[in-house]
Amino acid sequence: MQPEPETVFATERDWLESTLRDRIALAGFMDLRVNRLDETGIRLDFPLPPSINDKGTGFGGALASAMILAGWSLPRLALRRHGLAAELVIGRCQLRFTAPVRSAYSACCDWPADEALESFLTATRGEGKGRLDLAVRIETEGGVAATLEARYAALTPNQEGS
């Protein structure tokens, strides 16, 4: 009997929040919370105070970090689900800030198309290096305040000499 999807997502949400907060110091300092993880994607919530700048709004570097973490989370989960031991890094990104962030905010990322995810996993498994392009956004009460287009890379340990 397979566990219900809600149960699987709840377990993964707990694992992911713990991983982010405990292994990435900035995520803990920013008081990251995994608000939503489901078949559509992920939503990480952040209070404004740890990310505030000299203008009283969200600091661009904090917003960028929040988006990078949201994007990193989905391929990390995919690798975990498929039992693939790989380092996950961001290879490149393009940021766009469109509005000031004046309150708590969320970094949201949708799961990529099935074909893109399968290609990422297949390349990671077969070639030792998979790439996945993701779009992430900062959402506030006023709408979308920033976007990130990023490429994440999964790199398996070098098997030479084993």
Could you check region 80-124 and list, in sequence order, the residues that are part of a loop (DSSP other than H, G, I, E, B) and over 23 Å from ASP54 (Cβ atoms)? HIS82, GLY83, LEU84, ALA85, ALA86, TRP111, PRO112, ALA113
Across region 38-50, which residue is surrounded by the fewest Cβ atoms within 10 Å (Cβ to Cβ) among those that are within 11 Å of the chain's Cα centre (by Cα) and not charged (D, E, K, R)? GLY41
Within region 37-60, count every residue that is without any contact (Cβ under 8 Å) to a residue 24 or more places away in the chain, within 14 Å of SER103 (Cα to Cα) and not polar (S, T, N, Q). 4
Could you tell me which residue of region 122-153 is nearest to ALA66 (Cα to Cα), considering only residues that are touching a residue at least 40 places away in the same chain (Cβ under 8 Å) and of a type in the set (S, T, N, Q)? THR147
Is there a residue being in contact (Cβ under 8 Å) with a residue 60 or more places away in the chain, within 19 Å of TYR152 (Cα to Cα) and outside any helix (DSSP H, G or I) anywhere in region 10-24? no
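Given the structure, is PRO75 part of a loop (DSSP other than H, G, I, E, B), at pLDDT 95 or above and under 18 Å from the mean Cα position of the chain (by Cα)?
Numbers: part of a loop (DSSP other than H, G, I, E, B): no; at pLDDT 95 or above: yes; under 18 Å from the mean Cα position of the chain (by Cα): yes.
Spelling it out, it is not the case that PRO75 is part of a loop (DSSP other than H, G, I, E, B), at pLDDT 95 or above and under 18 Å from the mean Cα position of the chain (by Cα).
The values are calculated or read from the model by the stated rules, or taken from the named source; none is laboratory data. Quick caveat: nothing in here was measured; it's all calculated off a predicted structure. Every residue, glycine among them, receives a Cβ derived from its backbone with ideal geometry; neighbour counts consider all protein chains shown.
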